[in-house]
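Bear in mind these aren't lab numbers, they're just calculated from the coordinates by the rules spelled out. Just so we're clear, the structure is a prediction, and the values are computed from it rather than from any experiment. Glycine gets a Cβ as well: all are built from the backbone with ideal geometry, and neighbour counts include every protein chain shown.
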């Protein structure tokens, strides 16, 4: 199924309000969808016999920077039997008014591979996946402050008394900034 056919099918099933934007150029065309349609659209794409996207190859979070004030979550889908692919994106504000993390519904009940991908996006980018059964840090310690892959992240000076801030020398190698 082509990108245009998939877009038409989703518009037919969910209406134009489900699709926020599209990008047909590039290596992987993508559709940006409204986050309230994420779970129904993913469930449809996974279970409809015309699409059968049985594989979530990758889920990743992208930081568009403080000036754009948005984060995106990208879902790379693949149908093994039909050999077609699709990238879905959901765009959210970086911070909510009450200073909680931006929230996106979890798709881990649709694709089990989303389980650790969502935990990684939560840990490193600070996206909260509502409905995830075990959303906790996966790479960093539970008491780590902040989400280090955000463009506005401020490094901690110390973690449990250990200096964590490193500089980079002329060769591009990390080195401790305090050599005294």
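The table for this structure:
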| read-out | value |
| --- | --- |
| Rough spin-label spacing in nm, given labels placed 7 Å along Cα→Cβ, for residue 137 and residue 152 | 2.1 nm |
| DSSP bridge orientation in the chain - percent antiparallel, rounded to nearest 5 | 80 percent |
| Orientation-averaged projected area, Cα convex hull of the range 2-101 (nm²) | 6.9 nm² |
| Theoretical FRET efficiency, 1/(1+(r/R0)^6), r = Cβ-Cβ of residue 99 and residue 5, R0 45 Å, to 0.05 | 0.60 |
| Rounded D (µm²/s) - the range 94-161, Kirkwood Rh over Cα pairs, Stokes-Einstein at 37 °C, 0.692 mPa s | 256 µm²/s |
| Stretch gain in nm, segment residue 67-residue 16, where the contour uses 0.36 nm per residue and the Cα spacing is subtracted | 15.5 nm |
| Equivalent ellipsoid, the range 4-51 (semi-axes from 5 times Cα gyration tensor eigenvalues, Å) | 17, 13, 10 |
| Largest-first principal axis extents, alpha carbons of the range 51-104, Å | 44, 19, 14 |
| Among 93, 57, 67, residue whose mean-square fluctuation peaks in a GNM of the chain (springs only between Cα atoms under 10 Å) | 67 |
| Contour excess over end-to-end distance, with Cα ends at residue 116 and residue 164 and 0.36 nm allotted per residue | 14.7 nm |
| P(r) tail fraction, the chain - alpha-carbon pairs more than 26 Å apart, % | 39 percent |
